1. Under a 5 Å amide H to amide H cut-off, with H placed in plane at 1.01 Å, what residues pair with residue 272 once short-range neighbours are removed?
2. Enumerate the amide H contacts of residue 343 below 5 Å, restricted to partners 5 or more residues apart or on another chain; note that Pro and chain-start residues carry no placed amide H.
3. Among 27, 72, 40, whose Cα projects farthest towards the positive end of the dipole of region 25-77, with charges put on the beta-carbon of Lys, Arg (+1) and Asp, Glu (-1)?
4. Within region 25-77, count lysine pairs with alpha carbon atoms under 22 angstrom apart where the residues are 8 or more positions apart or belong to different chains.
5. Given labels modelled 7 Å from the Cα in the Cβ direction, how far is it in nm from residue 34 to residue 329?
6. In square angstrom, what is the accessible area per residue of the chain with a 1.4 angstrom probe?
7. I'd like the distance separating the alpha-carbon centroids of region 241-265 and region 213-235, in whole Å.
8. Which value, in Å² rounded to 10, gives the accessible area of residue 234 with a 1.4 Å probe and all protein chains present?
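The values are calculated or read from the model by the stated rules, or taken from the named source; none is laboratory data. Keep in mind it's a predicted model, so treat the numbers as computed, not measured. Methodologically, a virtual Cβ is constructed for each residue, glycine included, from the backbone with ideal geometry; neighbour enumeration extends over all protein chains shown. The accessibility values were calculated without ligands, DNA or RNA, using every heavy atom of the protein model including side chains. Shrake-Rupley method; radii C 1.70, N 1.55, O 1.52, S 1.80 Å.
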Amino acid sequence: MTPAVFLVILCLGVVPGASALDLSLDVQWQEWKIKYEKLYSPEEEVLKRVVWEENVKKIELHNRENSLGKNTYTMEINDFADMTDEEFKDMIIGFQLPVHNTEKRLWKRALGSFFPNSWNWRDALPKFVDWRNEGYVTRVRKQGGCSSCWAFPVTGAIEGQMFKKTGKLIPLSVQNLIDCSKPQGNRGCLWGNTYNAFQYVLHNGGLEAEATYPYERKEGVCRYNPKNSSAKITGFVVLPESEDVLMDAVATKGPIATGVHVISSSFRFYQKGVYHEPKCSSYVNHAVLVVGYGFEGNETDGNNYWLIKNSWGKRWGLRGYMKIAKDRNNHCAIASLAQYPTV
């Protein structure tokens, strides 16, 4: 069985009933359409409005429960509010696989280096890390209707390591990975995985910058030009499934590419706070970049978080970022498939 079987990272999913429209939401509906530049045909208008209303009610219920202390994060009506779970899944996720212990062992054996068994004790590590403040992280980008989430944390992790080495932060080309890593097993805007993407950069001998190979939100013919190569890697490291090891890697290495399990509604409407979703499992269906960690309130409150960079634009979450629960039994599989490049 090939390594590609184990980490298919694709990207993210209420089918509403046929209910009458709530006229009290008319102004809010019009304002939302203007804010997100939504244009519909007359036939689409009612259908999208029904879906939007169902999502609005779901978000409002969640936030009322949040005010009663029943959860640790709030949700908001964002760009995805006119989509059902299935529509969102079709646009951003293509497929997902379970992450079983046996599969992970085989996958990691096939993938190369393990993180050395000499990680620091937690007490020796800083309580807060945010690589954005150190210049390691480029701007948040938006994948759009292309299931390319697997490519963004790969470029992000390489960008961070190149900055560490050279002092220059250069946004790298996601489109280069989409168009050119198909021989390694990726499928462009259908699906892909971080392992195949790192393999492409390693064996290709380089990766272009965003400036010379810009993102198009669709697949194209491979146009990589070695004269425009802006980054090279010497290999990549696969971390064992351990939040302690991930914490050490984030603190001492820089931004780390990883995968998470996304529950469509709660994750896609995340606004702020520490995201904890009881329905999360070990199924990995989305790729993100861990750029730091910390805690809200007091250290003993249990609101520890990983700071992750997403690829859904600055209007999602904390201007494109999320605080996801840390030290909660590998919540949403955050530490299951973590990797970083060497340069």
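1. Answer set, sorted by chain and number: 74.
2. 234
3. Positive-end residue among those listed: 72.
4. Step by step, the pairs that qualify in region 25-77 add up to 13.
5. 4.7 nm
6. 44 Å²
7. 25 Å
8. It works out to around 100 Å².
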